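As structure tokens, the structure follows; a few thoughts come after it.
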There are 2 protein chains.
Amino acid sequence: MSRVLVVDDDPQLLRALRITLRAAGHEVVTAADGRTALHEAASAHPDVVVLDLGLPDLDGTEVLDGLRPWFSGPVLVLSARGDSHDKVAALDAGADDYVSKPFDMSELLARLRALLRRGAPEVDEPVVRTPHFTVDLAARQVTVDGVPVRLTPTEWALLSELVRAPGRLVGQRQLLQSVWGPAYEKETNYLRVYLAQLRRKLEPDPAAPRYLRTEPGMGYRFTP
Amino acid sequence: MSRVLVVDDDPQLLRALRITLRAAGHEVVTAADGRTALHEAASAHPDVVVLDLGLPDLDGTEVLDGLRPWFSGPVLVLSARGDSHDKVAALDAGADDYVSKPFDMSELLARLRALLRRGAPEVDEPVVRTPHFTVDLAARQVTVDGVPVRLTPTEWALLSELVRAPGRLVGQRQLLQSVWGPAYEKETNYLRVYLAQLRRKLEPDPAAPRYLRTEPGMGYRFTP
DNA sequence: GCCGGTCTTGACGGGTTCCTGACGCGGGAG
DNA sequence: CTCCCGCGTCAGGAACCCGTCAAGACCGGC
């Protein structure tokens, strides 16, 4: 899902964090001291940094100072010291959150989710393009060859569900459930009707779908 | 500097927070229960919300749910309960930070600074122009072909909400919520009435809207 | 109390969207 | 070869949504 750089000098904690973060779907990069941390942050392009303040070579604030001029992603600071003076110092040095050891792993994960959630909209590409049409998720607008096309609410709900998973197959149950609700899991003819309408509005040749393909018996797939 | 909405039912804490935040250079708006909180959040346009979870009328999560669909600024949750399950729940419900009572005031301020630092600068161009009329968001004035037009408070609230998102579709729920408050989510006829009034005052041809377009079933869109 | 402006509320006609059933086609199974 | 399931297509009626108008409620200033 997203890349996390974990900086800590305690190998045991590092290992625990790596396992937990992997299980939560993150890609994990680790560093055991400040110098490596700065190096890894530059080369691995993490989305978020988890930084222990008690490092053998550099002070935690020094790492933050080295990071902040060019790294714009969120930084979550871990520390054994819990008094508020340290927290204020770290937060004002550029940290986005501060968690005292010992900490609860599920809370750490939730705080990471909150940080990533906020960072995501900027990085996330809310506009999907194909050679023939573009879908702007944020503005809720579709244009074919540059001219805006009007979609009904149902058409839009269906299209956005497909476009949010480019190249991936989306099961008909999932489509029906997220557009019409859990009670309509069996009404596959709805899909046929509305897919046809979408293709008529978007595809260059609606009879030979190029972007909104159907996988017989399984579902549909949007291929940019 | 920035506007803070503080939601807490303890008048003493509310007063302390107001004084401290004022001293730190913030503008402070307060609410003592969930309903007022949602209403104030809609009308006062705060940059950040400090939300106590233990409110007399609504559950804290309900306030978050009412807030999140349209409020994009950071939310810092205060709570008397400190176990990690509550923290995870609040963070996953859309909170950006979680502080347990009793808390250190300087830490709260530092966390607010961190949240505001990351928050979008919101350097919106305060004056929006179209070939036919201009909207000055800062001066609260609209001119059509150079001549000022009088708008009622409700008309203005609706127009500014639309103009703040040029080209983007604004859902009718969001419009109703931010103009009339969360209790009016279903009164879509208000929108019809006031959109008609706005079009009569602004559009060159009110019968064929060019700038304030309606997307049936979804909402309205301002296109410059 | 009166009056002007503003906000709410209800009703109606016209247009659009949604659901539903029917039909034809094609490919795989028997 | 035939049957049958799944898919695409089409069309019609019901339900919904929107724009419009007007009358009553509300609230301030005078």
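List the number of the failed condition for B:VAL49; all other conditions in (1) in a strand (DSSP E or B); (2) more than 23 Å from B:VAL170 (Cα to Cα) hold.
(2)
If you take the residues of segment B:206-216 that are in a strand (DSSP E or B) and in contact (Cβ under 8 Å) with a residue 40 or more places away in the chain, which of them is farthest from DNA strand C (Cβ to nearest atom)? Walk me through how you get there before you give the answer.
First, the residues of segment B:206-216 that are in a strand (DSSP E or B): B:212-215.
Then drop every residue that is not in contact (Cβ under 8 Å) with a residue 40 or more places away in the chain, which leaves B:212, B:215.
Values: B:LEU212: 16, B:GLU215: 9 Å.
Per the criteria, the residue is B:LEU212.
Which condition number does A:ALA41 fail, the rest of (1) touching a strand residue (DSSP E or B) at 6+ places or on another chain (Cβ under 8 Å); (2) under 23 Å from B:LEU91 (Cα atoms); (3) part of a helix (DSSP H, G or I) being met?
(2)
With respect to A:THR30, determine if the residue is in contact with a strand residue (DSSP E or B) (Cβ under 7 Å, 6 or more places away or on another chain) and surrounded by 15 or more Cβ atoms within 10 Å (Cβ to Cβ).
Numbers: in contact with a strand residue (DSSP E or B) (Cβ under 7 Å, 6 or more places away or on another chain): yes; surrounded by 15 or more Cβ atoms within 10 Å (Cβ to Cβ): yes.
Answer is yes for this residue.
Which pairs turn up if I take residues in segment A:98-120 that are more than 8 Å from chain B (Cβ to nearest Cβ) and of a type in the set (Gly, Ala, Ser) and look for partners that are surrounded by fewer than 18 Cβ atoms within 10 Å (Cβ to Cβ) and in a loop (DSSP other than H, G, I, E, B) with beta carbon separation below 8 Å, at least 6 apart in sequence or on another chain?
From residues that are more than 8 Å from chain B (Cβ to nearest Cβ) and of a type in the set (Gly, Ala, Ser), the pairs are A:SER100/A:ALA80; A:SER100/A:ARG81; A:SER100/A:GLY82.
Listed here are the residues, each with its yes/no results for (1) closer than 15 Å to B:ARG168 by Cα; (2) more than 14 Å from chain B (Cβ to nearest Cβ).
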site: A:VAL128; (1), (2): no, yes
site: A:VAL135; (1), (2): yes, no
site: A:ARG150; (1), (2): yes, no
site: A:THR154; (1), (2): no, no
site: A:ALA165; (1), (2): no, yes
site: A:GLY171; (1), (2): no, yes
site: A:SER178; (1), (2): no, yes
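Quickly run through segment A:170-180 and pick out the residues that are touching a strand residue (DSSP E or B) at 6+ places or on another chain (Cβ under 8 Å) and either within 10 Å of DNA strand D (Cβ to nearest atom) or of a type in the set (Val, Ile, Thr) (or both).
Those that are touching a strand residue (DSSP E or B) at 6+ places or on another chain (Cβ under 8 Å) and either within 10 Å of DNA strand D (Cβ to nearest atom) or of a type in the set (Val, Ile, Thr) (or both): A:VAL170, A:GLN172.
Looking for something away from DNA strand D (no atom under 15 Å from the Cβ) and within 14 Å of chain B (Cβ to nearest Cβ) - is there at least one such residue anywhere in segment A:181-196?
Applying the first criterion (away from DNA strand D (no atom under 15 Å from the Cβ)) to segment A:181-196 yields A:182-183.
Okay, now just the ones that are also within 14 Å of chain B (Cβ to nearest Cβ), so none.
No: segment A:181-196 contains no residue that is away from DNA strand D (no atom under 15 Å from the Cβ) and within 14 Å of chain B (Cβ to nearest Cβ).
Look at A:PRO56 and say whether it is more than 20 Å from A:ASP86 (Cα to Cα) and part of a loop (DSSP other than H, G, I, E, B). Talk me through it step by step, then tell me what you get.
Values: more than 20 Å from A:ASP86 (Cα to Cα): no; part of a loop (DSSP other than H, G, I, E, B): yes.
Considered against the rule, which asks whether it is more than 20 Å from A:ASP86 (Cα to Cα) and part of a loop (DSSP other than H, G, I, E, B), A:PRO56 comes out as no.
Just give me the residues in segment A:174-205 being within 26 Å of A:PRO126 (Cβ to Cβ) and more than 11 Å from DNA strand C (Cβ to nearest atom), in sequence order.
Within segment A:174-205, A:GLN174, A:LEU175, A:GLN177, A:SER178, A:LEU195, A:ARG199, A:ARG200, A:LEU202, A:GLU203, A:PRO204 qualify.
For segment B:61-68, check the following and say yes or no: at least one residue is more than 9 Å from chain A (Cβ to nearest Cβ) and modelled with pLDDT of 90 or more.
So the first thing to find is which residues in segment B:61-68 are more than 9 Å from chain A (Cβ to nearest Cβ), and the list is B:61-68.
The next check asks that each one be modelled with pLDDT of 90 or more; those that pass are none.
Checked against the condition, which is being more than 9 Å from chain A (Cβ to nearest Cβ) and modelled with pLDDT of 90 or more, segment B:61-68 yields no hits at all.
With respect to the numbered conditions (1) more than 12 Å from B:TYR220 (Cα to Cα); (2) of a type in the set (A, V, I, L, M, F, W, C); (3) out of contact with any Asp or Glu (no Cβ under 8 Å at 6 or more places or on another chain), which one is the sole condition not fulfilled by B:TRP180?
(3)
Condition first: part of a loop (DSSP other than H, G, I, E, B) and surrounded by fewer than 17 Cβ atoms within 10 Å (Cβ to Cβ). Now tell me which residues in segment A:140-184 satisfy that.
Of everything in segment A:140-184, those that are part of a loop (DSSP other than H, G, I, E, B) and surrounded by fewer than 17 Cβ atoms within 10 Å (Cβ to Cβ) turn out to be A:ASP145, A:GLY146, A:ARG150, A:THR152, A:ARG164, A:ALA165, A:PRO166, A:GLY167, A:ARG168, A:GLY181.
The values are calculated or read from the model by the stated rules, or taken from the named source; none is laboratory data. Worth saying up front: this structure is predicted, and the values here are computed from it rather than measured. Neighbour counts are summed over all protein chains in view; Cβ atoms, including those assigned to glycine, are modelled from backbone coordinates with ideal geometry.
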